[in-house]
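Every read-out reported here was derived from the displayed coordinates using simple, explicitly stated rules and does not represent laboratory data. Source: prediction; values computed, not measured. We place every Cβ from the backbone using ideal geometry, glycine too, and count neighbours over all the protein chains shown.
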Amino acid sequence: MYDISELKRCIGDLYEKHRGNNGGNVASYIPELGKANPDHFAISVVTVDGQEFSVGDSQHEFTIQSIIKPLAFLVALEIHGREKTLSHVGVEPSGDAFNSVELNPRTRLPYNPMVNAGAIAVASLIKGASPEAGVAALLQRLAIAVGRELRIDERVRDSESMTGSRNRAIAYLLHNFDVIDEQIDHTLHQYFSQCSVLVNSRDLAMIAATVANLGENPMSGKEAFALTYVRDAMAAMFTCGMYDYSGEWAYRVGVPAKSGVAGGIMAVINRQLGISVYSPRLDERGNSVRGIAVCTDLAEEFGLHAFEFMNPGSNFLRDA
Ligand code: GLU
């Protein structure tokens, strides 16, 4: 057990340092997302031994968007196992935009579960017997991971569904190549719903800490995700989690992470810590501007990079 006070001080300092950064723009391609308050800003951390700290608008709810993708991938792996899941989606970075209407030409599968094509293939694998059942089953998992019931923002879901021609095109492409079955509307309902789960920054840090804690919620000790597959989700986040910044993120920050277009980022420090930042102004790659800045500084200060070799900060955390 370690004292969280150093971490608190640092998070407080980073909040002050970056709150004046007004760079970037709120996503508006899903009309409802454009209504977000651009000034909102929150940082949360939860340790695997159950200490937590948040600063800023940490109670403000926003839609999880793409941050659901590694979690949905975990659920698919649990239901179907590796072999079957990987016969529907690869684990190769694409180097293309997250919403590209494309498959890997070599495999005729989506590149990975972090791009929309892969996430829609995963949604098909976990969609359940009815549209309600698949969404309810995922919400149940998330409730264990965060320690409270979560709900869908139906206005965001419907807004995305009404303007989601690109995702529909992807779904038809997937069906054409036998990656998903003919229940296209059911699959898209699952996909749009899971992107629209409402979380706050504390929830996201709790999910990240649950993943860091090998699938067990650090507060309740309950299993949200099966231990066997947690590494699969971490690997996919590490290589593909930050849109077209994934390589640079791995280089500069060096931890598994996933961001979403509503402005959330969750970062997982394996067996130690979950971190989240919420700030809806995005850079040109779709990542939260303040989120990137905070995580980069935090990783530097505490030596969080997976390949860090000698930073006194890393000892501080690793003694935990
Ligand atoms: N629901 C969004 C879409 O498919 C997710 C985008 C994201 O957060 O990357 O466009």
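Take the alpha carbon gyration tensor of the chain, find the square roots of its eigenvalues, order them as a ≥ b ≥ c, and report rounded if a/c is under 1.5; if not, report prolate when a/b exceeds b/c, else oblate.
Cα axes put the chain in the prolate bin.
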Evaluate the relative contact order of the chain (contact order divided by residue number), counting alpha-carbon pairs under 8 angstrom at least 6 apart; express in whole percent. 25 percent
Tell me, Thr47, Thr210, Thr163 in order of fewest to most beta-carbon neighbours within 10 Å? Thr163, Thr47, Thr210
Which loop-located GluC sites (Glu not before Pro) does region 115-220 contain, where loop means any DSSP state but H, G, I, E or B and the Cβ has at most 13 other Cβ atoms within 10 Å? Glu149, Glu182
If you average the sequence gap of Cα pairs under 8 Å that are 6 or more apart and divide by the length of region 74-216, what percent do you get for the contact order? 25 percent
Hey, got the dipole for region 140-274? About the Cα centre, +1 on K and R Cβ, -1 on D and E Cβ, debye to the nearest 20? 500 debye
Using the Cα gyration tensor of region 141-186, with a ≥ b ≥ c the square roots of its eigenvalues, what is the shape: rounded (a/c below 1.5), prolate (a/b larger than b/c) or oblate (neither)? oblate
If you put +1 on each Lys and Arg Cβ and -1 on each Asp and Glu Cβ, how big is the dipole of region 25-120 around its Cα centre, in Debye rounded to 20? 480 debye
Counting only DSSP beta bridges fully inside the chain, the antiparallel percentage to nearest 5 is 100 percent
Lys, Arg +1 and Asp, Glu -1 on Cβ, resulting dipole of the chain about Cα centre, debye, nearest 20: 160 debye
Are there trypsin sites (Lys or Arg not before Pro) in region 91-174 that DSSP marks as loop and that have at most 14 other Cβ atoms within 10 Å, and which are they? Arg106, Arg108, Arg148, Arg151
Run through region 164-194 and list the chymotrypsin sites (Phe, Trp or Tyr not before Pro) located in a DSSP loop whose Cβ has at most 14 other Cβ atoms within 10 Å. Phe177
How much mean residue ellipticity at 222 nm does the chain get from its helices, if each DSSP H run of length 4 or more adds -39500 (n - 2.57) and you divide by all residues, to the nearest 500 deg cm²/dmol? -14000 deg cm²/dmol
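So how do Val135, Val26 line up by other beta-carbon neighbours within 10 Å, fewest first? Kindly include the intermediate steps, with their values, before the conclusion.
On the way: Val135 23, Val26 18.
With the sparsest Cβ surroundings first, the list reads Val26, Val135.
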Under the classification rounded if a/c is under 1.5, otherwise prolate if a/b is larger than b/c and oblate if not, where does region 1-94 fall, given a ≥ b ≥ c as square roots of the Cα gyration tensor eigenvalues? oblate
Within straight-line cross-link reach of Lys17, lysines at Cα separation under 27 Å, skipping those fewer than 8 residues along the same chain: Lys8, Lys35, Lys258
Rounded to the nearest Å, what's the spacing between the alpha carbon centres of region 245-261 and region 122-171? Just the number, please. 24 Å
